[in-house]
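Read through the structure below, which is laid out as structure tokens, and then see the notes.
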Amino acid sequence: MRAAQFICSVISRVKFMRLFHWVLLLAISAIAVSARAETCKYVDDEGRVIYSNTMNNPPKGAKLVRCFSDPAPKPAPPPQEAKPQAGAGDNFPKVDGQTQRKRDEERRGILEKELADEQKQLEAARQKLAEQEAVRTGDERNYQRFLDRVQPFRDAVANHERNIEAIRREIANLK
């Protein structure tokens, strides 16, 4: 019996929510439609100017003078021709092939040193993580405390792995 009452209450809540969503949608639609309405200028018997966006329901005793439609959006400006970048012309200094190869070799050497250093740091971080995972302190009866204590070491390992992947991508992008 209680299950049936529960199911009925859930169904009625779902119906209410659907109805609420439809009413909300209609209200938003009405607001959007009224936002696109024309604005009209009226003059009443005493000569006062009244502006209103309800053309079907003018102010009492006022006469319609003129209605204004929404202004048309401005057209997009025509695309401009691409201007050459500063320094991209004939005056831009050129580097001969031998000098560029030397620079590329120096860059490769620097990246390989960074890769070797990062790999050493990764091994050290993995070793520290393994040490921390092997130790269980007495105040860590809750497994979450253990995870909280070990998480910085896992983050360090993940950071070094990401760095290694980035350096390898850089090396692969060299000519």
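Where a number appears in this text, it was derived from the coordinates with a stated rule and is not lab data. Just so it is clear, the model here is predicted, and its values are computed rather than measured. When we count neighbours, we look across all protein chains shown, and the Cβ atoms used for this are built from the backbone with ideal geometry, even at glycine.
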Notebook entry, point to check: So how far apart, in nm, are the two label points at THR39 and ASN173 if each is 7 Å from Cα heading toward Cβ?
Noted result: 5.2
Check: Within the stretch 85-170, which trypsin sites (Lys or Arg not before Pro) sit in a loop by DSSP and count at most 15 neighbouring Cβ atoms inside 10 Å?
Finding: LYS94, ARG136, ARG141
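Report the gain in length on full extension from ARG154 to ASP117: 0.36 nm times residue separation, minus Cα-Cα distance, nm rounded to one decimal. Show your work: numbers first, answer last.
Numbers: separation 37, 0.36 × 37 = 13.32 nm, distance 1.88 nm.
Roughly 11.4 nm would be gained on extension.
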Item checked: Built amide H within the under 5 Å cut-off of ILE50, gap 5+ -> TYR42, VAL43, ASP44
